[in-house]
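Beneath this line is the structure, given in structure tokens, with notes to follow.
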Amino acid sequence: MKKLVFVTGGVCSSLGKGVTASSIGSLLEARGFNVRMMKIDPYLNVDAGTMNPYQHGEVYVTDDGAETDLDLGNYARFTNAPIARANSITTGQVYQEVIEKERQGRFLGRTVQVIPHITDAIKARVHAVADNPDVDVTIVEIGGTVGDMESIPFLEAARQMIHEEGHQNAVSVHVTLIPRVSGGELKTKPTQHSVKELQEVGIQPDVLVVRCDEPVEEGLRRKIAAFTNVDFEGVISAHDAPTTVYEIPLVFHDQKLDVFLLKRMNIESRHADLRAWKEMVRKFREPKRRVRIGVVGKYMELVDAYKSVWEALHHGGIANDAAVDIVRVDSGDFEGEGADPAKVLADVQGILIPGGFGHRGTSGMVAAVRWAREHKMPCFGICLGMQIMTIEWARTVLGWEDADSSEFQPDSKHPVVSLLEEQLEVKNYGGTMRLGASTSVLKEGTRVREAYGSETIQERHRHRYEFSNAYRADMEAAGLRITGLTPDGALVECVEWPDHPWGVGVQFHPEFKSRPVAPHPLFRAFVKACLGYAGR
Ligand code: GLN
């Protein structure tokens, strides 16, 4: 069986196409179908690796080292679908491929055009994922808003595929907004216009997912159906979820969206097993305890830059029947005259230092980490966070005041975090990072080993700098515990504080692998430690 679901959006951006696509994926999985998820981004960047996360949101890294859009993180949290390089397409990639082919003379002198050459290349990429014999349904989210110039080739490719595969095998789900005007009235006109725009490029939506701040009542849904040629059962109210975004699959399920889609695609329905998902949502709704965790970084006001970290913290809460209240702490608050870490951290029960690049804010992070270590507050350092824990140890415990990462202080006398020697000459940004999944070996009797319950683990990397081996012996002699290494022992993967309830730094990014129904072991253990600190 090969079925395609195209998800598009209209009216405006940020309506939750990603969550819609993910929720459909999770509902189909709950009925035992094998699902794949794809994201099409209509920008010219070849990947998200060079994009500023503070502008564009987190860069989500896959096992095979692709740097992708944060929506792929949503897919990974909502579904079990494997996410790899092939699941993310950008305009830049497609044009690069077609132009390279043209330079090699592979079009035999023909004129190379958007239609058919770009659209064919897009279709080939979708087929490469969807035609796998084990795959039942592939959900393709087309980024951007219908009507944007940038998405036209992708919509055209979708139109052709719906035509070629037959309407039973390829369906269209369109996400729109019902705004409220002054006086409180809800308006369907933008939705009507957005559907017209989609119809103009030759796509008739089968399903309309309408975003609204309250449940869209039947009368309004009937009106939308009448104006858009969409069946009434296909008009789905996507009202704001009361507690968590993870409720959205259930909101859709209650309105039988999954049943409607299966019928449309002529697939025999199977029993939906939503028990684990419902239990997870229940835990979100009825937490037994609460804990406040400070995430210390720069640009903390930009919500999406650490999307997977926020989600993984909430999952860690769920694993402990607790709600996690995340407090965004600007590392600048620890810097300058009179800054008092005790005050800044007065109402949190643990801190997490997430990944990041560049010097700005790092001295504040060091101050926060020092306070947490000395006051036995749980501390979780991820990637840059682990490097900060390493620097703090060298400065405070070894007394090397100028200890630093060569990223921040190129002429430090004690570069305890630095590039590997062979990387020193490479200046070509974008190609020099350690990217994607690799194996780490965890030492026995350590926090990390206890959390994972296994000796070897696979986690994803995205960094250039490493714990410097030149200082490994000194750091260990001073008591820092090196608890995880690459299998050849060459690189430090995890460090831990001695005589501390939970101070763990990891060079990789565990947050990418956490799911609400399968919280990541390190986040589970960290939140547990924070709850312990709260109850001390
Ligand atoms: N800037 C650091 C490095 O490149 C950390 C990167 C990160 O936190 N992802 O090594």
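Taking Phe284, Phe78 and ordering them by how much accessible surface each has at a 1.4 Å probe, largest first, produces Phe284, Phe78. Diffusion coefficient (Stokes-Einstein, Kirkwood radius over C-alpha pairs, 10 °C, 1.306 mPa s) for the range 53-159: 103 µm²/s, rounded to a whole number. For Gly9, the amide hydrogen comes within under 5 Å of the amide hydrogens of Val146, Val175, counting only partners 5 or more places away or on other chains and with H modelled in the peptide plane.
Rounded to the nearest Hz, the phi-derived 3J(HN,Hα) couplings of the range 25-30 under the Karplus curve 6.51 cos²θ - 1.76 cosθ + 1.60 (θ = phi - 60°) are x, 5, 5, 5, 5, 4, where x marks glycine and proline.
Reported to the nearest whole Å, the Cα centre-to-centre distance from the range 154-202 to the range 53-117 is 24. For Lys223 and Asn469, the FRET efficiency from 1/(1 + (r/R0)^6), where r spans their Cβ atoms and R0 equals 51 Å, is about 0.15. Place a point 7 Å from Cα of Arg292 in the direction of its Cβ. Which residues in the range 335-375 have their backbone N less than 14 Å from it? 342-351, by backbone N distance to the label point.
Under the rule a/c < 1.5 gives rounded, and otherwise a/b versus b/c splits prolate from oblate, where does the chain land using the Cα gyration tensor? Taking the square roots of the gyration eigenvalues as a ≥ b ≥ c, the chain is prolate. Fully extending the segment from Ala490 to Glu233 would add 86.7 nm, taking 0.36 nm per residue of separation and subtracting the current Cα-Cα distance. Scanning residues 5 or more positions from Val171 or on other chains, those with amide H under 5 Å from its amide H are Leu4, Val5, Phe6, with H placed 1.01 Å from N in the peptide plane. Of all beta bridges that DSSP places with both ends in the chain, some 30 percent have antiparallel geometry. Remark: the range 410-536 carries 44 Å² of accessible area per residue (probe radius 1.4 Å; ligands, DNA and RNA excluded). With R₀ fixed at 22 Å, the C-beta to C-beta distance from Ala84 to Ala518 puts the FRET efficiency at about 0.70. Spread over its residues, the convex hull of the C-alpha atoms of the range 189-228 is 68 Å³ per residue. Element breakdown for the range 288-341 at a 1.4 angstrom probe: carbon and sulfur atoms account for 42% of the accessible area. Across the protein chains, with a 1.4 Å probe defining accessible surface, the residues Glu100, Glu493, Glu335 rank Glu100, Glu335, Glu493 from largest area downward. Rolling a 1.4 Å probe over the protein chains gives Arg125 an accessible area of about 70 Å². With 21 Å as the limit on Cα-Cα distance, the pairs of Lys123/Lys256; Lys298/Lys413; Lys376/Lys513; Lys3/Lys513; Lys2/Lys39; Lys189/Lys223 that go past it are Lys123/Lys256; Lys298/Lys413; Lys376/Lys513; Lys3/Lys513.
Give the separation of the Cα centroids, the range 229-305 to the range 352-381, in Å. A separation of 34 Å, based on Cα centres. Mean residue ellipticity at 222 nm, helices only, the chain: -10000 deg cm²/dmol; runs of at least 4 DSSP H residues each add -39,500 (n - 2.57), and the sum is divided by the number of residues.
What a 1.4 Å probe finds exposed on the range 26-92 is 49% carbon and sulfur by accessible area, rounded to a whole percent. Taking a ≥ b ≥ c as the square roots of the eigenvalues of the alpha carbon gyration tensor, the range 183-271 is oblate, as a/c is not under 1.5 and a/b does not beat b/c. In this view, the solvent-accessible surface of Cys12, computed with a 1.4 Å probe and all protein chains in place, comes to about 50 Å². Take the range 132-282 with all the other protein chains still there, run a 1.4 Å probe, and you get 46 Å² of accessible area per residue. Let a ≥ b ≥ c be the square roots of the eigenvalues of the Cα gyration tensor of the range 368-417; is it rounded (a/c under 1.5), or, if not, prolate (a/b larger than b/c) or oblate? Judged from the Cα gyration tensor, the range 368-417 comes out oblate (a/c at least 1.5, b/c at or above a/b). Accessible surface of Tyr54, taken over heavy atoms with a 1.4 Å probe and every protein chain present, rounds to 50 Å².
For the chain, the longest principal axis of the alpha carbon atoms and the long axis of helix 521-534 meet at an angle near 60°.
Across the range 471-477, computed HN-Hα scalar couplings (Karplus, 6.51 cos²θ - 1.76 cosθ + 1.60, θ = phi - 60°) run 10, 4, 5, 4, 5, 5, 4 Hz from first to last residue, x flagging Gly and Pro. In plain terms, the bigger the Kirkwood radius, the slower the diffusion; for the range 1-97, with that radius from Cα pairs, at 4 °C and 1.567 mPa s, Stokes-Einstein puts D at 92 µm²/s.
The values are calculated or read from the model by the stated rules, or taken from the named source; none is laboratory data. Quantities reported herein were computed from a predicted structural model and do not represent experimental measurements. All Cβ positions, glycine included, derive from the backbone under ideal geometry; neighbour counts span all protein chains shown. Note: accessible area is taken over every heavy atom of the protein model, side chains too, but ligands, DNA and RNA are not part of it. Shrake-Rupley method; radii C 1.70, N 1.55, O 1.52, S 1.80 Å.
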